[in-house]
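To start, the structure itself, in structure tokens.
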Amino acid sequence: MSADQKRKSGIFLTAMGHYVPDNVLDNNFFDSLDIGSDAQWIVDRVGIQERRSVLRPEEIRALRFGETTREDLIQAGRVMTFGQMGAKSWELAMKRSGLEGGTLKAGAVIGGTSVPDSDIPSHACYAARDSNLKTGYAYDTNSACSTFAVQIQTMRGAFAIGAATTGAIFGAERYTTRVDYSDRKGCILFGDSSYATYVEDAPRGKCLEVIDTMIESSPEGADTIRMLDGKSFEQDGQAVQKFAILKTVSAAQAIMERNGLAVDDVNWFIGHQANLRMLMSASQRIGIAPEKHLHNVAFHGNQGGAGAPVTMSQNWDRYRHGEIIVMSVVGSGLTWGSVVFKVHDGNR
């Protein structure tokens, strides 16, 4: 690879932001749904204490007892759209980076969600419009909970072939609108959130350089985790738990080995925020010290594809120049992936 090709292949996350809704669903809330759960049972099972939702608790209670439907709430304007959530994340990203104000250009915009607003157009178009972004082209990628890793790899490809030198990545998940609130095994897991990041081909200020990405899939497990059209989320919980632990570990170890990184070289680790028990088991198997393991699942729940990047954004101020971040995510498909980032800070 020539020096010019290497330059074009490099991408830097020069701005990053996130959004979590104000509505809090604590464990005691689920007692009111008459599903046979209690606060301590939930903590013991998955380590989750709270989660955030685009819906108010009373709206979820109405869903549970058949007093309203998701379609009713959408028609009433009670479900935040992908574009609205993306714009809130983008606002924080711009404020952090000093780019706020005016219209910004992004050569490519990539959106991603597994809880869509519509079949067409792409959610990237909604996000670009609502965030006042001008772009060359906008399209979506969806790999469920591993979407962010796929988006990063896809953006690397766009930069490498010269199709873009700037870009934006958006993701938003609203699983609390697509779960069965009579099923205590599933409905206690999920929360909503969104993320946005601006991408450039050179470092600027405080940013994260993408060192490497790895993506893999095993379509034989396609029915293990699914959300059919108009239906609620469903999964084979026991099989998924085992898969999530094994692939989180193997994906992290594989990308570390490929880049000559020992566990001690990793300053921060971020996994898919499925549940705290799974994350702790995976990080321990990798050998990550507890103080290097970043997570938000205990107070935000499983946010699908948004969980890992939102965790990354929430800890933005903690990263220091030269540090290495390893992200390892898993999702339906079955899919899994990993990313290595290096922190640059021109403001230091």
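Throughout, read-outs are computed from the coordinates displayed, never taken from laboratory work. Computed from a predicted structure; not experimentally measured. Reconstructed Cβ throughout: ideal geometry from the backbone, glycine too, with neighbour counts over all protein chains shown.
The table that follows gives values for the structure above.
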read-out: Net lengthening on full extension, Tyr137/Ala222 (0.36 nm per residue, minus Cα-Cα); value: 27.6 nm
read-out: Inter-site label distance for Asn347 and Lys95 at 7 Å from Cα along Cβ, in nm; value: 1.4 nm
read-out: Cα centroid separation, region 294-348 to region 161-201 (Å); value: 13 Å
read-out: Neighbour-limited loop hits for trypsin sites (Lys or Arg not before Pro), region 210-277 (at most 13 other Cβ within 10 Å; DSSP other than H, G, I, E, B); value: Lys231
read-out: Inter-label distance for Val263 and Ile161, nm, one decimal - labels placed 7 Å from Cα along Cα-to-Cβ; value: 4.0 nm
read-out: Greater than 26 Å apart at Cα, pairs in Lys95/Lys231; Lys88/Lys292; Lys88/Lys134; Lys95/Lys342; Lys185/Lys247; Lys88/Lys185; value: Lys95/Lys231; Lys88/Lys292; Lys88/Lys185
read-out: Segments 138-150, 67-79 sorted - mean Cβ within 10 Å per residue, highest first; value: 138-150, 67-79
read-out: Residue-wise HN-Hα coupling along region 11-26, computed from phi with Karplus coefficients 6.51, -1.76, 1.60 (Hz; x: Gly, Pro); value: 10, 10, 7, 8, 8, 8, x, 8, 8, 10, x, 7, 6, 9, 10, 8
read-out: Percent breakdown of C-alpha pair distances by 20 Å bin, ordered from the shortest bin, for the chain; value: 32, 59, 9, 0
read-out: ³J(HN,Hα), Karplus 6.51/-1.76/1.60, whole Hz, each residue of region 331-348, x for Gly, Pro; value: x, 5, x, 6, 9, 7, x, 8, 9, 10, 10, 10, 7, 10, 9, x, 8, 5
read-out: Cut-off under 5 Å, modelled amide H: who pairs with Ala222 long-range; value: Leu334
read-out: Percent of Cα pairs exceeding the 23 Å cut-off, where the set is region 206-345; value: 31 percent
read-out: Normalised per residue, the volume of the convex hull around the Cα set of region 7-200 (Å³); value: 122 Å³
read-out: Ala254 paired with Glu209, simple spin-label distance in nm, labels 7 Å along Cα-to-beta-carbon; value: 2.5 nm
read-out: Long-range amide H partners of Lys206 with built H, under 5 Å; value: Gly346, Asn347
read-out: Over the chain: helical MRE at 222 nm, DSSP H runs n ≥ 4 each giving -39500 (n - 2.57), nearest 500; value: -9500 deg cm²/dmol
read-out: Region 163-255: chymotrypsin sites (Phe, Trp or Tyr not before Pro) in DSSP coil with no more than 13 other Cβ atoms inside 10 Å; value: none
read-out: Debye, to nearest 20: dipole size of the chain, +1 on Lys, Arg Cβ, -1 on Asp, Glu Cβ; value: 880 debye
read-out: 3J(HN,Hα) from dihedral phi, region 51-68, Karplus parametrisation 6.51/-1.76/1.60, rounded to Hz, x for glycine, proline; value: 8, 10, 9, 6, 9, 6, x, 5, 6, 5, 4, 5, 4, 4, 9, x, 8, 8
